[in-house]
1. Along the range 48-60, what does the Karplus equation 6.51 cos²θ - 1.76 cosθ + 1.60 (θ = phi - 60°) give for ³J(HN,Hα), rounded to whole Hz, x for Gly and Pro?
2. By the scheme Lys and Arg +1, Asp and Glu -1, what is the net charge of all other residues having a beta-carbon under 15 Å from that of Thr39?
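Each value in this text was obtained by applying a stated rule to the coordinates, not by laboratory testing. Everything numeric in this text was worked out from a predicted model, so none of it was measured. Heads up, the Cβs are rebuilt from the backbone with ideal geometry, glycines too, and the neighbour counts pull from every protein chain shown.
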Amino acid sequence: MASLCKYATTCPVFTAALGPLPHVGLRYRRAYCRGGWDTCARFVVAEQLGRSGVPAELLPNGDASPHLGSRERLVRLGALLHDSNAVQSFG
C-alpha cells in the first residue's frame, strides 16, 4: 500500500470535495495523496517554500482550481515548478 503524503491532513485537495466535481478530487487523491505525492505541485512548493507558501488554489497537477481560491499567485508559481532557482523570487 502506498504511503500517504505528509501534508494530506491539512491539504484542501485531500480534505475537500473540490466543488461540484467530487470525482475529480478522488482522482487527485488516488494519483497524488496516496502514492504520487512526490510529483504533486502542492508537495513540491511546500517542500521548497514551506506549507504556508502553497497557494490555496494550486492543484496537484499545477493547474488552478476556482473552487480552492483565486489565481492571483499562480502566475509566478509556474516558474517555481519548472525552475528551482525561482524559489528565491517567489513570495
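1. My calculation for the range 48-60 gives 7, 10, x, 4, 5, x, 7, x, 4, 7, 5, 8, x Hz in order.
2. +3
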